[in-house]
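Visitor: Structure below; questions to follow.
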Amino acid sequence: MRVIGLMSGTSYDAIDAAAADLTLDGDRLVLTPLGMVSTPYEEELREALSAALPPAPTAMGAVCELDTRIGQAFAALAVRADRELCDGRAELISSHGQTVYHWVADGRAYGTLQLGQPAWIAEATGRPVVSDLRGRDIAAGGQGAPLVSVVDMLWLRGRPGGCVALNLGGIANVTVVPDGGGEPLAYDTGPGNALIDAAVRHLTGGRLDYDEDGAMAARGTVHGPLLGRLLAEPYYARPAPKTTGKELFHLPYLQAALAGLGPVPAEDVVATVTELTAATVADAVRSAGAGEVITSGGGTRNPTLLAALRRALGDVPLRTSGELGLPSAAKEAYAFAVLGFLTAHGLAGTVPACTGARHPSVLGSITPGRHGLRLPPEATAAGRAVPSRLVISPP
């Protein structure tokens, strides 16, 4: 099945589309990458999205408008991905949508909201769309994240010494894949790029949206008292599974930590929140006792962050997912293509040990395409294979 995965992360800077040929081969799921295309959000839409996110107040009219406009933006990229990557032969679209709120209280997830109305995608492409992938896991008692953990488990299981799959998005998350068949674990470690981006945007008066090539952090010095305040955040001590988001890690949070410290140079603020990401990720890796870290996400384009992370990890090797066949910038979009494929085939897309759910769940909702809803024959076949391994095949 030829599937397009659509993804926009918590940094909400761009929408990514990755296309893959996915095939069930016995108990193996074979993924052949077909490439990725990406488009930035239009500035007006990005500003409207930013203005609606916590801790800012918003109105239902704004939410409705964002749902439509984000859906239209996702639809336009899906049409382009079908044309440029699939020769017009895509069979399924799997859309993560744009997370605008993740409702967590006292360590329990109660709800999650992703905008990007899938009807616009189905109408524009004519293909069925799998969407709203997180809610079912939450209804089953899970955190609804990190959903990429099922892909990490299928893909990285059996690596000698065990490993940690790390996604450096707006929020950083890990999947601990143990050696020898032990129980996996997955959770959000804390901010990835979220506080870095917020600091850069604020301290440059909106001139820059992110720390390109880690240049600001490289010019700065870690501010010890500020780092100490940030590391005292109670979230880091909570047991996994756990999730967080920009509901916690946002500009006012950083400003509160800076209060009373006196003037701190902009470069030092950025260097400090960069060190915070590296330190909290390294703590997670050390607690897992993993033999290597396989990283992906937008943070891999920040050499200052990666250098800080390598220092914090010490002797634990840090590799990118691209070295193992999944381009780091596209890994999450490929992961959501896999999740959509599993849903279309009636197969569970969660690992309860990773999300904390009571049981595995088939995820999401399906919006029919132009010709109605036609599930793959394997989806209704008795004794269908449940994949136990993901294999990346060269394109």
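Visitor: Can you tell me how many residues within the range 50-71 are under 18 Å from residue 10 (Cα atoms) and at pLDDT 95 or above?
Guide: Number of matching residues: 6.
Visitor: For residue 130, work out the one condition from (1) more than 19 Å from residue 299 (Cα to Cα); (2) hydrophobic (A, V, I, L, M, F, W, C); (3) free of Cβ contacts under 8 Å to residues at least 24 places away in the same chain it doesn't fulfil.
Guide: (3)
Visitor: Residue under question is residue 303, and the condition is that it be at pLDDT 95 or above, open to solvent by 40 Å² or more (accessible area, probe 1.4 Å) and more than 21 Å from the chain's Cα centre (by Cα); does it hold? Break it down into steps so the answer makes sense when it comes.
Guide: Values: at pLDDT 95 or above: yes; open to solvent by 40 Å² or more (accessible area, probe 1.4 Å): yes; more than 21 Å from the chain's Cα centre (by Cα): no.
No.
Visitor: Give the range 352-366 a look and list any residue that's among the polar types (S, T, N, Q) and either in a loop (DSSP other than H, G, I, E, B) or touching a Leu at 6+ places or on another chain (Cβ under 7 Å) (or both), or say none.
Guide: First pass over the range 352-366, keeping only residues among the polar types (S, T, N, Q): 355, 361, 365.
Once the filter is applied, which keeps residues that are among the polar types (S, T, N, Q) and either in a loop (DSSP other than H, G, I, E, B) or touching a Leu at 6+ places or on another chain (Cβ under 7 Å) (or both), the range 352-366 yields only 361.
Visitor: Considering the range 128-147 alone, what residues qualify as being crowded, with 24+ Cβ neighbours inside 10 Å, closer than 18 Å to residue 341 by Cα and not small (Gly, Ala, Ser)?
Guide: Result: 128, 129, 130, 133, 134, 137, 146, 147.
Visitor: Let me ask another. Just to be sure before I move on: is residue 340 out of contact with any Cys (no Cβ under 9 Å at 6 or more places or on another chain), of a type in the set (Gly, Ala, Ser) and part of a helix (DSSP H, G or I) in the structure I sent?
Guide: yes
Visitor: Just one of 344, 288, 337, 353 is surrounded by 24 or more Cβ atoms within 10 Å (Cβ to Cβ) and out of contact with any helix residue (DSSP H, G or I) (no Cβ under 7 Å at 6 or more places or on another chain); which is it?
Guide: Matching residue, one of 344, 288, 337, 353: 337.
Visitor: Under 8 Å by Cβ, and 6 or more places apart or on different chains, what pairs join a residue from the range 267-293 that is farther than 14 Å from residue 221 by Cα with one that is aromatic (Phe, Trp, Tyr) and not in a helix (DSSP H, G or I)?
Guide: Hits for this filter: 284/187.
Visitor: With 93, 70 as the choices, which residue is under 27 Å from residue 20 (Cβ atoms) and outside any strand (DSSP E or B)? Spell out how you get there, then give the answer.
Guide: Details: 93 fails: outside any strand (DSSP E or B).
Answer to the selection: 70.
Visitor: A follow-up question, please. Counting residues that are open to solvent by less than 10 Å² (accessible area, probe 1.4 Å) and aliphatic (A, V, I, L, M), which strands (runs of 3 or more DSSP E) fully inside the range 154-247 reach at least 3? Show your work before the answer.
Guide: Details: elements: 163-168, 171-177, 185-191.
In the range 154-247, 163-168, 171-177 are the strands (runs of 3 or more DSSP E) which contain 3 or more residues that are open to solvent by less than 10 Å² (accessible area, probe 1.4 Å) and aliphatic (A, V, I, L, M).
Visitor: Considering each of 32, 23, 68, 39 in turn, give the residue that is over 30 Å from residue 395 (Cβ atoms), surrounded by fewer than 23 Cβ atoms within 10 Å (Cβ to Cβ) and β-branched (Val, Ile, Thr).
Guide: Answer to the selection: 68.
Visitor: For the range 164-188: of the residues being touching a Leu at 6+ places or on another chain (Cβ under 8 Å) and polar (S, T, N, Q), which is nearest to residue 211 (Cα to Cα)?
Guide: Result: 173.
Visitor: Collect the residues in the range 248-265 that are closer than 25 Å to residue 105 by Cα and part of a loop (DSSP other than H, G, I, E, B), keeping them in residue-number order.
Guide: Of everything in the range 248-265, those that are closer than 25 Å to residue 105 by Cα and part of a loop (DSSP other than H, G, I, E, B) turn out to be 248, 249, 250.
Visitor: Please work out which residue is farthest from the chain's Cα centre (by Cα), limiting yourself to the range 92-131 and to residues that are of a type in the set (D, E, K, R) and closer than 21 Å to residue 82 by Cβ.
Guide: 123
Visitor: So, one more: Would you please list the contacts, defined by Cβ atoms under 6 Å and residues six or more apart or on different chains, that run from a residue in the range 378-393 that is open to solvent by 40 Å² or more (accessible area, probe 1.4 Å) to a residue that is at pLDDT 60 or above and assigned to a strand (DSSP E or B)?
Guide: 389/28
Visitor: I want to confirm something. Restricting to the range 266-315 and keeping residues that are among the hydroxyl-bearing types (Ser, Thr, Tyr) and not in a helix (DSSP H, G or I), which single residue is nearest to residue 12 (Cα to Cα)?
Guide: 296
Visitor: Within the bounds of the range 49-65, is there any residue that is touching a His at 6+ places or on another chain (Cβ under 8 Å), of a type outside the set (Lys, Arg) and open to solvent by 30 Å² or more (accessible area, probe 1.4 Å)?
Guide: Yes: the range 49-65 contains one or more residues that are touching a His at 6+ places or on another chain (Cβ under 8 Å), of a type outside the set (Lys, Arg) and open to solvent by 30 Å² or more (accessible area, probe 1.4 Å).
Visitor: Give me a count of the residues in the range 101-124 that are in a helix (DSSP H, G or I) and either buried (at least 22 other Cβ atoms within 10 Å of the Cβ) or without any contact (Cβ under 8 Å) to a residue 24 or more places away in the chain (or both).
Guide: In the first step, residues of the range 101-124 are kept if they are in a helix (DSSP H, G or I); the result is 118-124.
Add one more test, that the residue is either buried (at least 22 other Cβ atoms within 10 Å of the Cβ) or without any contact (Cβ under 8 Å) to a residue 24 or more places away in the chain (or both), and what stays is 118, 120-122.
Total satisfying the criteria: 4.
Visitor: Which members of the range 367-384 meet the condition of being modelled with pLDDT under 85, part of a loop (DSSP other than H, G, I, E, B) and out of contact with any helix residue (DSSP H, G or I) (no Cβ under 8 Å at 6 or more places or on another chain)?
Guide: Residues satisfying the conditions are 373, 374, 381, 382, 383.
The values are calculated or read from the model by the stated rules, or taken from the named source; none is laboratory data. All values derive from a computational prediction rather than experimental measurement. Note: ideal-geometry Cβ built from the backbone for every residue, glycine included; neighbour counts use all protein chains shown. The protein model used for the area step is the full one, side chains on, heavy atoms only, and it has no ligands, DNA or RNA in it. Shrake-Rupley method; radii C 1.70, N 1.55, O 1.52, S 1.80 Å.
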